[in-house]
Amino acid sequence: MPGLRPDLAVIADHVAPGSRVLDIGCGDGTLMAALRDRRGCDARGMEIDPANVAECVARGLSVIQGDADSDLAFYPPQSLDYAILSQTLQTTMRPDKVLEELLRIGRRAFVSFPNFAHWRVRASLLWTGQMPVTRLLPVAWYETPNIHHLTIRDFREFVAARGIIVEQAWYLAGDRVFSGTLANWRAEHAVFLLRR
């Protein structure tokens, strides 16, 4: 969908119209608004930052202030068609528990994250010996919200070990989707559609 960050566009294009959706870590509500306005979804959000919550409410979006690490437990099992966690998994204290909660409350889950094995990240570490600052990771290591750096290979092994099914995966280089060839090396971001 035009006007969305590339990973959000992939997600928005693959959410079935009319679905019940929870966007965890919804930020300013850009994805929720697109799902509501363009796909007719019952889109709701959870966001930890009070300023983002206020912005969502001002846009007429249904959002609560909450923490993915602790507040997903309040949602009933299988109460959603999709639980979405975009660019948030790596910022949680317990990504394993959060992912389990996503698949408990949603029939399917979208998860997107930056790939820390991308060749530019590797090259930056090799040549400078420092954590990289890039267009998609624009802050220094001490300012970043990322506490669990992961790669596409890490994530695939993680879900396989838990019997989680990958229905579909998309890999992004810059702002475009490409085939999965050498994804762990070439992709800056990944989007996965998961189910039990």
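The values are calculated or read from the model by the stated rules, or taken from the named source; none is laboratory data. Because the structure is a prediction, the values reported are computed rather than measured. Virtual Cβ from ideal backbone geometry, glycine too; neighbours counted across all protein chains shown.
Structure data summary
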| quantity | calculated |
| --- | --- |
| Where residue 179 falls short, out of the listed (1) in contact with a strand residue (DSSP E or B) (Cβ under 6 Å, 6 or more places away or on another chain); (2) free of Cβ contacts under 8 Å to residues at least 60 places away in the same chain | (1) |
| Odd one out for residue 47, checked against (1) under 28 Å from residue 132 (Cα atoms); (2) in contact (Cβ under 8 Å) with a residue 24 or more places away in the chain; (3) buried (at least 22 other Cβ atoms within 10 Å of the Cβ) | (2) |
| Of all residues in segment 49-71 being touching a Gly at 6+ places or on another chain (Cβ under 7 Å) and among the hydrophobic types (A, V, I, L, M, F, W, C), the one that is nearest to residue 86 (Cα to Cα) | 68 |
| Meets criteria (of a type in the set (Gly, Ala, Ser), closer than 23 Å to residue 28 by Cα and more than 15 Å from the chain's Cα centre (by Cα)) for residue 117 | no |
| Residue among 44, 104, 39 that is closer than 23 Å to residue 177 by Cβ and of a type in the set (Lys, Arg) | 39 |
| Residue 22, sole failed condition from (1) hydrophobic (A, V, I, L, M, F, W, C); (2) buried (at least 17 other Cβ atoms within 10 Å of the Cβ); (3) over 16 Å from the mean Cα position of the chain (by Cα) | (3) |
| One residue from 33, 68, 43, 54 being over 21 Å from residue 169 (Cβ atoms), part of a loop (DSSP other than H, G, I, E, B) and either touching a strand residue (DSSP E or B) at 6+ places or on another chain (Cβ under 7 Å) or at pLDDT 95 or above (or both) | 68 |
